[in-house]
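Please read the structure below before turning to the comments.
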Amino acid sequence: MSNLYHKDIYKFEEPVKSFWETTHQSNDKYEKLNKNIQTNIVIIGGGYTGFSCALSLAKNFNEDVVLVEAGHIGWGSSARNAGFCCIPPAKMSVEKMFKKYGKEETKKFFKNTIEGSNFTKNLINEYKIECDLTGDSNYEVAPHPAYFESIKKEASIYKNEFGIETEIFSKEEFNEIGHTGEEQFGAFSYKPGFAINPLKFLLGLAKQAKNAGVRIYQKSKVTKVEKKLNKFNVIVNDQIIAANKVVMATNGFYKDDLFPDLNNMILPVISNIIVTRPLTKDEIDSYNFVTYNPILNIRNLLFYYRLLKDNRFLFGARGDLIGSEKSSFEKSKEMEKQMKKVFPNWKNVKIDYYWRGLVAVTSKFTPSIGKLDDEIYYSFGYQANGVNTAPWSGNELAKLIVSNSKDLSISKFYQGLPKKFPFPKLRLLYLKLALIYYRLIDK
Ligand SMILES: Cc1cc2nc3c(=O)[nH]c(=O)nc-3n(C[C@H](O)[C@H](O)[C@H](O)COP(=O)(O)OP(=O)(O)OC[C@H]3O[C@@H](n4cnc5c(N)ncnc54)[C@H](O)[C@@H]3O)c2cc1C
């Protein structure tokens, strides 16, 4: 069992105190599993991956599906992220992608990522999921004049190599259509891009899965999976789910405790968010903050931020390396300082909410979708781009499950398992060294 982080971060029994938790009223009640049951396919994990896969299996392929979630429905990262639908789900420069996979494969990858954004948007439209969708593109902002050249280069590659709609803005132009501030030295936009209330989207997906016939159990953590004859016995709350196929949709919260073949494949990284009280018109005007698009400040240690529907300001950054409640609070204070350094006119603005969660990074720095030799399926490692990638991946996984093939017709970037992390107990040390290096470059 992984004990990379403090046990506080794995409190499945408690809702995270996010702003999103205060924004919804769900009447959907989900049971806790308290009896032995049988099914064809059991899905472990109730985030975007799990629910999108479940919905597709039940609705498009008429499959018998059970989904089990350790927390309540709306516990994991899908319920607590910043809601940015952005690309690409890779921690690698385009130059590196060209070198590693070749130009054509990289183009296919970007085509798939655009499909991912459209897939998420289409789910929202098709099922009329009210999730406070805002924005029509994403912005990437240069935090220093030296970054503007790389902004222009990225925009040009997106446009010329991948056919993505982009626009470049000088500092002065972005002052007019985006915002001013201490770390704004020009920007570019790309489409598609938008932001959502992640929890409302997740609850909407869960409801559709339920309507399609998926049996959903919350507060039902899988503690063991055994193979008996040709069936899996999935142990939950001392009960047994007998199933023919198992889907692992646990992403960053997997504790390396169920399938040896899937252990030590992710580096779970903490990501933190703070949300202010609603800003006044004067406060917003003081930076001419006129956009509700999601914005990425492209430091190596990224800041991401956006104005919410009620003019609260959401600000996110890479988190701490401990994972306790105390370290989460301390990190929120550090982020408050960082935010107020970028937007000093807001120095007296109170932070109303702070929380964090885990994102999953893999050693290949791209997601992994596929099947083990047995009837065990997996999808994980979205490199903090799950709004774009997880619903689409869940849907791709559903296709793989019902086909007799081992492969999908998607880019190789996504396919197969990453290499295990060497000396997995040292994963946090690797992360610490990377953070020190990036912090130095940012300075
Ligand atoms: C603070 C933060 C901000 C982020 N911001 C963004 C963003 O703006 N845009 C973006 O695209 N991505 C963002 N992400 C990443 C994004 O949230 C994830 O990539 C995405 O939600 C992954 O979806 P998932 O369904 O695979 O995993 P999750 O939503 O994490 O779901 C996995 C579920 O598995 C459950 N589980 C684990 N173990 C077991 C078990 N043994 N038995 C039963 N259930 C189990 C967990 O309880 C969890 O609910 C952010 C993440 C965080 C933490």
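Bear in mind that the values in this text are calculations on the coordinates, not laboratory data. This structure is a prediction, so every number in the text was calculated from the model and none was measured. Here Cβ is always computed from backbone atoms with ideal geometry, including for glycine, and neighbour counts include all displayed protein chains.
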Q. 222 nm [θ] for the chain, helices only, -39500 (n - 2.57) per DSSP H run of 4+, per residue, to 500?
A. -10000 deg cm²/dmol
Q) How far is helix 198-211 tilted off the main Cα axis of the chain, in degrees rounded to 10, range 0 to 90? A) 30 degrees
Q: For the chain, with a Gaussian network of springs between Cα atoms less than 10 Å apart, report the residue from 97, 335, 265 with the top mean-square fluctuation.
A: 97
Q: Would you give the gap between the C-alpha center of region 344-405 and the C-alpha center of region 172-211, rounded to a whole Å?
A: 17 Å
Q: Compute the FRET efficiency between residue 161 and residue 230 as 1/(1 + (r/R0)^6), taking r as their Cβ-Cβ distance and R0 = 35 Å, and round to the nearest 0.05.
A: 0.15
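Rank-order 177-183, 192-198, 302-308 by packing density, defined as the average count of other C-beta atoms within 10 Å over each peptide's residues, highest first.
So the order, starting with the most tightly packed, is 192-198, 302-308, 177-183.
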Q: Tabulate in residue order the Karplus-calculated ³J(HN,Hα) for region 146-153, using 6.51 cos²θ - 1.76 cosθ + 1.60 with θ = phi - 60°, rounded to whole Hz; enter x for Gly and Pro.
A: 4, 8, 5, 4, 5, 4, 5, 5
Q) Could you give the angle, 0 to 90 degrees to the nearest 10, between helix 103-126's Cα long axis and the longest principal axis of the Cα atoms of the chain? A) 80 degrees
(Q) If you build the convex hull over the alpha carbons only and average its shadow over all orientations, what do you get for the chain? Give it in nm² to one decimal. (A) 19.8 nm²
Q. Does anyone have the angle between helix 427-442 and the longest principal axis of the chain? Alpha-carbon axes, 0 to 90°, nearest 10?
A. 20 degrees
Q: Name the long-range amide H neighbours of residue 63: under 5 Å, sequence gap of 5 or more, or other chain; modelled H, no Pro or chain starts.
A: 58
Q.
Relative contact order of the chain, please, whole-number percent, based on alpha carbon pairs below 8 angstrom and at least 6 residues apart.
A. 25 percent
Q.
Quick check on the chain: of the DSSP beta bridges with both residues there, what percent are antiparallel, nearest 5%?
A. 70 percent
Q | Proximal charge balance of residue 26 [Cβ under 10 Å; K/R count +1, D/E count -1] | A | +2
(Q) Based only on other Cβ atoms within 10 Å, what is the fewest-to-most ordering of 20, 355? (A) 355, 20
Q: With no solvent and one equal point scatterer placed on each C-alpha of region 6-52, evaluate the Debye formula and give log10 I(q)/I(0) for q = 0.23, 0.29, 0.33 Å⁻¹, two decimals.
A: -1.27, -1.27, -1.22
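Sort the following peptides by mean Cβ neighbour count (other Cβ atoms within 10 Å, averaged over residues), highest first: 415-425, 247-257.
Descending packing order for the listed peptides: 247-257, 415-425.
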